[in-house]
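> Mind having a look at this structure? Questions to follow.
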Amino acid sequence: MIPKQLGRKRNQPCGSLMDNSGRTELRKDAATNRWVLVQRESFRGQTNKDCPFCPGHESATPSEIAAYRTNGQPANSSEWLVRVIPERAPLLQVEGDIQREGLGMFDRVSNRGASEIVVEHPDHQASWDTLPPADIERVLWMYRQRMEDLYRDRQIRSVLVYRRDRSGDSNIRHPFSRILGAPIVFDDVREELKAARDHYARKQRCLYCDMLQQEYREGERIVGQSPHFLAYAPYGSRRPYETWVVPATHRHRFEDVSPAEMVDLASVLQVTMRRLHAAQPEHTVEMVLHTSPNAAMRLRDDEWRSLADDYHWHMELSPVPAVLQGIGGFYVNPVAPETAARLLRTAL
């Protein structure tokens, strides 16, 4: 069921859970061609002992951008189901225009974009492992709604959803996700876009659809499957137990997910989370949603010409290791994906 939204208001600059007296900017590393978000000044952390995300503490956060509520409750009141607020110390900010400049051989872009917090549930102890799937579905609908709204901003080029379990030493332990809208394409997505475009140019087929067919055929890396999604450990997994959740039907945009698919996705994500927590109980689980960039913000006429055919949105989940192993730019994964998939299938 698609949730009804009340108390919605347009994104606006606001101060945050941290005192934002600093400044950030995007710098391109000329040696690797990757972008780095540089904080020019440090931020002071949250010191309030009370959780600012719990119902009744709405005045401790910036005014909400969007919310799902019941019974027509007004915006910023304590009767909410999912709530979205601006990040108090935003890495990317909605005001102003994109500023691009060269500093000698170096490139710099202003931090024009959006930094939003999705407070997922009123319950401070809520977990995706135990929530009713309908509650997870409601969070997913909010992701979709915020993406649709942010992509109406012609200065936002790419939107990313990021979620990580709260650990014992987290500053805030209330369950939340982050949504970032940037004036550039996030590096991981940019590399995926290039690989997908190159594959399509050679074979006139979606790279991800081809990978799905092979995973279905071989079966040994499959973690779980449903009518609309496949969860599997990628052949070149970078981390132990890395798992991708990919639509079985070609879709390049998360925003195009149907109501039936959203119900299915909530269930698949919950089961996958449970498997990952069972396999690696000492680690938090990270989830990143990769979807197509803003097609209305092409920098060249030929950019993303085959985007709808070559890219495939997906979610990447993995336990976060204490130390990410690597050498010389190679990831080192000490658990083969075939082994990880077998253990995850039996973890529950």
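The values are calculated or read from the model by the stated rules, or taken from the named source; none is laboratory data. The structure displayed is predicted, hence computed values, not measured ones. FYI the Cβ positions are ideal-geometry reconstructions off the backbone, even for glycines, and counts take in every protein chain you see. For accessibility, only protein heavy atoms count, side chains too; no ligands or nucleic acids. Shrake-Rupley method; radii C 1.70, N 1.55, O 1.52, S 1.80 Å.
> May I ask you to derive the relative contact order of the range 226-281, considering only C-alpha pairs under 8 Å and at least 6 residues apart, and to give it as an integer percent?
Numbers: 43 pairs, mean separation 20.7, N = 56.
Relative contact order here is 37 percent.
> Still on this structure, I have one more. Using all C-alpha to C-alpha distances in the chain, build P(r) with 20 Å bins and read off the rounded percent in each one.
Bin by bin from 0 Å, the calculated values are 28, 61, 10.
> Peptides 104-112, 70-78, 174-182: what's the order by average Cβ count within 10 Å, highest mean first?
Working: 104-112: 15.2, 70-78: 12.4, 174-182: 21.1.
So the order, starting with the most tightly packed, is 174-182, 104-112, 70-78.
> Quick one: if you take sqrt(5λ) for each eigenvalue of the C-alpha gyration tensor of the range 253-348, what semi-axes come out, biggest first, whole angstrom? Intermediate results must be reported in sequence, preceding the final value.
Values: eigenvalues 187, 88, 24 Å².
After scaling each eigenvalue by five and taking roots: 31, 21, 11 Å.
> Accessible area of the range 248-347 with a 1.4 Å probe: how many percent of it is carbon plus sulfur?
Details: 2360 of 4480 Å².
After summing per-atom areas, the C and S share lands at 53 percent.
> Relative contact order for the chain: what is it in percent, counting Cα pairs under 8 Å that are at least 6 residues apart?
Numbers: 731 pairs, mean separation 55.0, N = 348.
Relative contact order, the chain: 16 percent.
> Something else about it: In the range 213-316, which chymotrypsin sites (Phe, Trp or Tyr not before Pro) are in a loop and have at most 13 other Cβ atoms within 10 Å, using DSSP for the loop call? If you can, show how the numbers build up before the last one.
Numbers: sites: Tyr216, Phe229, Tyr232, Tyr235, Tyr241, Trp244, Phe254, Trp304, Tyr311, Trp313; in loops: Tyr235, Tyr241, Trp304, Tyr311, Trp313.
The qualifying sites are Tyr235.
> Looking at the calculated P(r) for the range 105-209, what percent of the C-alpha pair distances fall above 21 Å?
Everything past 21 Å amounts to 53 percent.
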